[in-house]
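The structure under discussion appears below in the form of structure tokens.
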Amino acid sequence: MNGTAAAVAVAATFVWLGMVLAISFLEAPLKFRAPGVTIPLGLGIGRLVFRALNAVEAVLAVVLVTAVALASPPAPVVVLTVLGALLLAVQLTAVRPVLNRRSDRVLAGETLPRSRAHLVYIAFETVKVGTLLALGITALAYGS
């Protein structure tokens with residue numbers, strides 16, 4: 001991988017990884033443990049936070065894909081980049097809408113059982129974290 005594009009790809013990857021770790025695996029579960037945070041309040045906060053996270057993720061994915069395309073990368077970097085972008089795309093187009101419809105119902109006062117869609121989202125986040133970590137390490141190895 002060459003110069004500036006490789007550096008941008010690595011930076012975008014690790015910023016994206018850090019954001020997902022901080023929000024999905026730290027902030028999200030902790031907010032429901034805070035005193036006075038009800039399920040509806042936590043859902044409202046979560047929707048705002050995840051909408052912002054997903055918007056930043058989309059920007060970082062575009063930056064990453066562009067940088068990788070310009071960096072003359074080896075195949076493993078290309079595959080991991082495509083996988084990361086694809087995971088995000090599936091989350092945004094297939095999983096998040098299901099979660100949003102469910103949270104709309106909860107915020108409207110319905111009492112619902114736990115959601116399997118939430119577990120699917122967590123699974124995607126876990127795979128995405130592994131993909132981004134592998135991508136960052138692989139890009140660093142080829143970029144040096």
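The values are calculated or read from the model by the stated rules, or taken from the named source; none is laboratory data. Just so it is clear, the model here is predicted, and its values are computed rather than measured. Note: ideal-geometry Cβ built from the backbone for every residue, glycine included; neighbour counts use all protein chains shown. Accessible surface is based on the protein model in full, side chains and every heavy atom, while ligands, DNA and RNA are left aside. Shrake-Rupley method; radii C 1.70, N 1.55, O 1.52, S 1.80 Å.
Listing for the model above:
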read-out	value
Criterion: within 15 Å of Lys128 (Cβ to Cβ) and among the aliphatic types (A, V, I, L, M) - qualifying residue of Val62, Val49, Val15	Val15
Scope the stretch 1-15; condition surrounded by 14 or more Cβ atoms within 10 Å (Cβ to Cβ), assigned to a helix (DSSP H, G or I) and not aromatic (Phe, Trp, Tyr); matching residues	Ala5, Ala6, Ala7, Val8, Ala9, Val10, Ala11, Ala12, Thr13, Val15
Selection count, the stretch 53-112, where residues are in a loop (DSSP other than H, G, I, E, B) and over 20 Å from Val15 (Cα atoms)	7
Pairs where the first residue, in the stretch 95-123, is closer than 20 Å to Leu48 by Cβ and touching a residue at least 40 places away in the same chain (Cβ under 8 Å) and the second is assigned to a helix (DSSP H, G or I) and hydrophobic (A, V, I, L, M, F, W, C), C-beta under 7 Å, 6+ apart	Ser103/Leu43; Val106/Ile39; Val106/Leu43; Leu107/Leu43
Members of the stretch 16-39 found to be buried (at least 17 other Cβ atoms within 10 Å of the Cβ) and modelled with pLDDT of 95 or more, listed by number	Trp16, Leu17, Val20, Ile23, Ser24
Some residue of the stretch 86-93 being within 28 Å of Ala141 (Cα to Cα), open to solvent by 60 Å² or more (accessible area, probe 1.4 Å) and among the hydrophobic types (A, V, I, L, M, F, W, C)	yes
Answer residue from the stretch 107-130, given it is over 17 Å from Ile23 (Cβ atoms) and crowded, with 16+ Cβ neighbours inside 10 Å and is modelled with the lowest pLDDT among those	Ala117
Filter result for Leu88 (touching an Asp or Glu at 6+ places or on another chain (Cβ under 6 Å) and within 30 Å of Gly3 (Cα to Cα))	yes
Filter result (within 18 Å of Asn100 (Cα to Cα) and either touching a residue at least 12 places away in the same chain (Cβ under 8 Å) or open to solvent by less than 40 Å² (accessible area, probe 1.4 Å) (or both)) within the stretch 40-56	Pro40, Gly42, Leu43, Gly44, Ile45, Gly46, Arg47, Val49, Phe50, Leu53, Asn54
